[in-house]
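Values quoted throughout were computed directly from the atomic coordinates according to the rules given, and no laboratory measurement underlies them. Everything quoted here is computed from the prediction, not taken from an experiment. Here the Cβ is made from the backbone with ideal geometry for all residues, glycine too, and neighbour counts use every protein chain on show.
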Amino acid sequence: MPELPEVETSRRGIEPHLLNRKIKEVIIRQHKLRWPIPENLPQLVAGKKILAVSRRAKYIYLELENGTIIIHLGMSGSLRICTEKTPAEKHDHIDIQVSNNKILRLRDPRKFGCVLWAKGDVESHKLIKSLGPEPLDESFNADYLYSTAKKRQCSIKAFIMNSHIVVGIGNIYASEALFRAGINPKRSAGKISFTRIEKLVDAIKITLHAAIKEGGTTLRDFTGISGQPGYFAQKLLVYGRTGEPCPQCNEAVKQFVQQSRSTFYCPNCQK
Ligand SMILES: [Zn+2]
């Protein structure tokens, strides 16, 4: 599943091809994604200039003069830049063609993604308005996380994966950040000291920055026709490494199920 670093990498990959271009045509081959693509989207956006290609949580925004196209990649979505010469394949659900004849194409085999339209202020859209801060923004800091965690009894892993608290920390990066911070994923969010919360905030930012950087350096195939554009092999410390030696202490990495998701951790390094 694309997590925040993949989405940010995708955003950076498509931005130079779309910025300040006018939308020429929108072709919808499949309306039924997680939510239906609005029938009138092609009419709403035709001839409009793309003023910005931005991101909030795991949503990519194409900001136009009259509103915003909101794109989410769901479980299996990917974006690529191509031209009309590249024939659309089975799961290529929507093409947004711009004035340099480049096409932004969404492929989504499992159809959990979405392409929506927000008129006016996108931040007041129902999917967006209750989202917590961005993990890489300054507003996401130890003071914020510590005061929000107070009296919370849920596990720290569930807490940082809650998008009302902070956005874009999925299962992989939650495990990775907790390992870096030396915090046991089962620990109660409200019972962690300020110093350790500070460490966790740093660990989240370091983990995400490293993954975005990795994505940028391995992003070769964005405009190609093969492979999975925008995805990349991540260098993971504990996630998916059950039984392998912990990179810090050599003890075997353990796995257990938490909120029906796999959690990976080192029982020796994470208290
Ligand atoms: Zn360890």
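Extension gain N100-N20, at 0.36 nm per residue separation less the Cα-Cα distance, in nm? List each step's numbers first, then the result.
Working: separation 80, 0.36 × 80 = 28.80 nm, distance 1.04 nm.
Going from the current span to full extension adds 27.8 nm.
Where a ≥ b ≥ c are the square roots of the eigenvalues of the C-alpha gyration tensor, would you call the stretch 134-201 rounded, which needs a/c under 1.5, or, failing that, prolate if a/b is larger than b/c, or oblate?
Working: a/c = 1.23, a/b = 1.04, b/c = 1.18.
Since a/c stays below 1.5, the shape of the stretch 134-201 is classed as rounded.
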TODO: Using the Cα centre as the reference, give the magnitude of the dipole from point charges on the C-beta atoms of the chain (Lys, Arg: +1; Asp, Glu: -1; all else neutral), rounded to the nearest 20 debye.
DONE: 560 debye
Open item on the list: With loop defined by DSSP as not H, G, I, E or B, and exposure as at most 15 other Cβ atoms within 10 Å, which is the longest segment of the chain clear of exposed GluC sites (Glu not before Pro)?
Closed with: 139-250
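With +1 on the Cβ of every Lys and Arg and -1 on the Cβ of every Asp and Glu, and nothing else charged, how large is the dipole of the stretch 99-205 about its Cα centre, in debye rounded to the nearest 20?
Numbers: 19 positive and 10 negative charges, 114 e Å.
Dipole magnitude for the stretch 99-205 comes out near 540 debye.
Would the stretch 21-65 count as rounded, prolate or oblate if I go by the C-alpha gyration tensor, calling it rounded below 1.5 in a/c and otherwise prolate when a/b exceeds b/c, oblate otherwise?
Working: a/c = 2.52, a/b = 1.10, b/c = 2.29.
Cα axes put the stretch 21-65 in the oblate bin.
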Open item on the list: Given contacts defined as C-alpha pairs under 8 Å and at least six residues apart, what's the relative contact order of the stretch 61-142, whole-number percent?
Closed with: 34 percent
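Counting helices only, and only those DSSP H runs with n ≥ 4, report the 222 nm mean residue ellipticity of the chain as the sum of -39,500 (n - 2.57) divided by its residues, in deg cm²/dmol to the nearest 500. Could the numbers behind the result be given before it?
On the way: 6 runs with 69 residues, N = 271.
Helix-only estimate at 222 nm: -8000 deg cm²/dmol.
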TODO: Residues in the stretch 1-41, backbone N under 15 Å from the label point at K119 (7 Å along the Cα-to-beta-carbon vector): list them, ranges by number please.
DONE: 38-41
TODO: Compute the relative contact order of the chain as a whole-number percentage, counting only Cα pairs closer than 8 Å that sit 6 or more residues apart in sequence.
DONE: 18 percent
Open item on the list: Taking loop as defined by DSSP and a crowding limit of 11 other beta carbons within 10 Å, which trypsin sites (Lys or Arg not before Pro) in the stretch 97-202 fit?
Closed with: K119, K126, K129, K150, K151
TODO: Using only the Cα atoms of the stretch 1-116, build the gyration tensor, take square roots of its eigenvalues as a ≥ b ≥ c, and label the shape rounded, prolate or oblate: rounded if a/c is under 1.5, else prolate if a/b is larger than b/c, else oblate.
DONE: rounded
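For the pair T195 and N40, what calculated FRET efficiency results from E = 1/(1 + (r/R0)^6), where r is the Cβ-Cβ distance and R0 = 45 Å, to the nearest 0.05?
On the way: r = 53 Å, r/R0 = 1.19.
My answer for the efficiency is 0.25.
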Task: Computed E for R110/K205 - FRET, C-beta separation, R0 25 angstrom, nearest 0.05 - done: 0.25
